[in-house]
Amino acid sequence: MMRLWVLLLLVVAPVHASDLDQDMAAFRKDVLEINKRLLLMEEELLFPADTQVAIFVSLDVGRFFVPDSITLTLDGDTIESHLYTDKEVAALKNGAVQKIHTTNIKNGEHQLTAFVTGKGPNGRDYRRGVTLDFEKAHGRHYIQLKMEDDAAAQQPVFSFKSWK
């Protein structure tokens, strides 16, 4: 009786390699979709919208300044240090905007400071700091560190721009 069931099963439901490949492709697609959902849920849990601050960096032209590194401090604590590669600098010069850091902070008054090092005019080593005092309210908060050329002074200018 057992042999009859096995034979019947093989006759009724033969396994083809192409069916197995399709099943595996569908399985992989499902796993990737679940992974994407889990990453989104993890980000929402780790960085709730109400407390989230995202910091971005942009470089306008880059004729008078080429960044080597940036160190960010928030309320006196170092939150990020980044060393730039040649490819990253080239991307920034071409208009890319880098998301350098995301963090959670309480609503209220805060101070963000960026220390930027790099090569300034005539290849001189350059180190500057710029500070932003801001109030974090409900909802996401976005801050951009803008590195721009001042053609008149032939010097780089560093400033923050803040969005609520």
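From the residues in the range 90-114 that are touching a Gly at 6+ places or on another chain (Cβ under 8 Å) and buried (at least 16 other Cβ atoms within 10 Å of the Cβ), which one is farthest from ILE55 (Cα to Cα)? Across the range 90-114, the extreme among qualifying residues is LEU92.
Do we have VAL130 as closer than 20 Å to ASP75 by Cβ, part of a strand (DSSP E or B), in contact with a Gly (Cβ under 8 Å, 6 or more places away or on another chain) and hydrophobic (A, V, I, L, M, F, W, C) here? Walk me through how you get there before you give the answer.
Values: closer than 20 Å to ASP75 by Cβ: yes; part of a strand (DSSP E or B): yes; in contact with a Gly (Cβ under 8 Å, 6 or more places away or on another chain): no; hydrophobic (A, V, I, L, M, F, W, C): yes.
It is false that VAL130 is closer than 20 Å to ASP75 by Cβ, part of a strand (DSSP E or B), in contact with a Gly (Cβ under 8 Å, 6 or more places away or on another chain) and hydrophobic (A, V, I, L, M, F, W, C).
If you go through the range 17-72 and keep only what is under 30 Å from GLN154 (Cα atoms) and among the charged types (D, E, K, R), you end up with ASP60, ARG63, ASP68.
Among the candidates GLY129, GLY118, which residue alone is surrounded by 11 or more Cβ atoms within 10 Å (Cβ to Cβ), within 14 Å of VAL61 (Cβ to Cβ) and at pLDDT 90 or above? Lay out the reasoning, then the answer.
Working: GLY129 fails: within 14 Å of VAL61 (Cβ to Cβ).
Of GLY129, GLY118, the one residue that is surrounded by 11 or more Cβ atoms within 10 Å (Cβ to Cβ), within 14 Å of VAL61 (Cβ to Cβ) and at pLDDT 90 or above is GLY118.
Those helices (runs of 4 or more DSSP H) of the range 1-109 in which 1 or more residues are modelled with pLDDT of 90 or more and not assigned by TED's automatic domain parsing to the domain that holds ALA153 occupy 17-46.
With respect to LYS87, is the statement that it is of a type in the set (Lys, Arg) and surrounded by 12 or more Cβ atoms within 10 Å (Cβ to Cβ) true? Spell out the reasoning first.
Details: of a type in the set (Lys, Arg): yes; surrounded by 12 or more Cβ atoms within 10 Å (Cβ to Cβ): no.
Against the criterion (of a type in the set (Lys, Arg) and surrounded by 12 or more Cβ atoms within 10 Å (Cβ to Cβ)), LYS87 does not qualify.
Taken over the range 37-84, the residue count meeting the criterion of being exposed (fewer than 15 other Cβ atoms within 10 Å of the Cβ), under 16 Å from the mean Cα position of the chain (by Cα) and among the β-branched types (Val, Ile, Thr) is 0.
The values are calculated or read from the model by the stated rules, or taken from the named source; none is laboratory data. Keep in mind the model is a prediction, meaning the values are calculated, not measured. Cβ coordinates were reconstructed from backbone atoms using ideal geometry, including for glycine residues, and neighbour counts include every protein chain displayed.
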